Amino acid sequence: MNPRINRIAVMIVAAIAVLFGLATIVSGGRALFGGPEARAAVGAAVGFVLWFNFVAGFAYVLAGIGLFMRQRWAARLAMLIAASTLAVFAAFGVHVALGGAFEMRTVAAMTLRSALWVAIAVLAWPQGRHHLPA
């Protein structure tokens, strides 16, 4: 791939990661700390998924900043985010299979989060072995 196109792709992905992280922090913070109306709005949200996503939002921002700065650790962090998101999604699946209450929007949100972070990790990883493109 053309190194210039690759640099642009990494910068776009970094911006997406930061924006997605900030949106995750805001929405998760509202759901967790926003009072009775906010809690009622999330319906049958699964607590451990909600807390994971809120905390992960900070990692999304950090990974995005690291990718933008072309830091090797950012590729590793993206892989960790992808793997942990898939693990939480699997645990959520077990929760659902055991008859736990849930919202269908959680399925959609976790599918989006999983796909996004696997894609970011795949994009970042080849560069992460040595360095992200300058």
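Laid out as a table, the results:
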| item | result |
| --- | --- |
| Where labels lie 7 Å past Cα in the beta-carbon direction, separation of V96 and I65 in nm | 3.4 |
| Cα convex hull volume per residue for the stretch 1-111 (Å³) | 100 |
| Average accessible area per residue (Å²) across the chain - probe 1.4 Å, nucleic acids and ligands excluded | 55 |
| Inter-label distance, nm, simple model (7 Å from Cα along the C-beta direction), V55/V26 | 2.4 |
| Cβ-derived FRET efficiency at R0 30 Å, L86 paired with R7, nearest 0.05 | 0.60 |
| Rounded percent of accessible protein surface that carbon and sulfur make up, the stretch 4-111, 1.4 Å probe | 74 |
| Part-to-part distance (alpha-carbon centres) for the stretch 53-97 and the stretch 5-49, which is given in Å | 12 |
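The values are calculated or read from the model by the stated rules, or taken from the named source; none is laboratory data. None of the values given here were measured: they were computed from a predicted structure. Note: ideal-geometry Cβ built from the backbone for every residue, glycine included; neighbour counts use all protein chains shown. Side chains are part of the model used for accessible areas, which takes the heavy atoms of the whole protein and leaves out ligands, DNA and RNA. Shrake-Rupley method; radii C 1.70, N 1.55, O 1.52, S 1.80 Å.
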